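Take a look at the structure set out below.
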């Protein structure tokens, strides 16, 4: 995978990469909802046309259209007619937060841990292989991604994580690892990195990035893997604690309904 591609905006590449099990409007809707909730797609941003969106995601145009209709009903997208028209993101902090929290409550702790295990296996292996294969130019690209990271906002920190992880996967020279990294970022990123709402965790992700860079520079594959999986483990432990807090804040009747749902 050319480094020019890897250094592109990885977060946006993730959003508009092909879906696994394509064909369901719900999958397209969830992909775009996660991207808006996590700040990857920003308020006022123009989305691709229905035809382009369908092409990027590997779905039928009617599927893309149904997903956009659902997003409009959620209040996450507005459509404007005319020469300068199209579908535009309408980001609202309160709505995006509520949608993300609903998704967290809908997943069990076992599902959340399984999610992190899968991601850690892919990202950890990519870091391990990258430590054996990285060139000086590869290392410089990782240093530059870290230097440009915006840790002042959750969205900026999330984009930095995505770019860095994708570049590490690219350095591994494994197209399969790159593809899986893209897919997992798209499907789990908005949840896994919810901890980046807090400055403490944004700072921690930078510490982990520096550890990975140091390990790759030293060609220490085990340390590169360990630093990567530790970062993911920290994020999922925060997420599970957040699930407990969210469930504790629910009125008893609603908590019982959600707890008894399949």
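The values are calculated or read from the model by the stated rules, or taken from the named source; none is laboratory data. From a predicted model like this one, the values you see are computed outputs, not experimental measurements. Here the Cβ is made from the backbone with ideal geometry for all residues, glycine too, and neighbour counts use every protein chain on show.
One residue alone among 241, 203 is surrounded by fewer than 23 Cβ atoms within 10 Å (Cβ to Cβ), over 29 Å from residue 136 (Cβ atoms) and either modelled with pLDDT under 95 or assigned by TED's automatic domain parsing to the domain that holds residue 113 (or both), and that residue is 241. Determine, yes or no, whether residue 190 is under 17 Å from the mean Cα position of the chain (by Cα), in contact (Cβ under 8 Å) with a residue 24 or more places away in the chain and within 24 Å of residue 18 (Cβ to Cβ). For residue 190, the condition - under 17 Å from the mean Cα position of the chain (by Cα), in contact (Cβ under 8 Å) with a residue 24 or more places away in the chain and within 24 Å of residue 18 (Cβ to Cβ) - is met. Could you check, for the range 73-83, whether at least one of its residues is surrounded by 15 or more Cβ atoms within 10 Å (Cβ to Cβ) and assigned to a strand (DSSP E or B)? Among the residues of the range 73-83, at least one is surrounded by 15 or more Cβ atoms within 10 Å (Cβ to Cβ) and assigned to a strand (DSSP E or B), which makes the answer yes.
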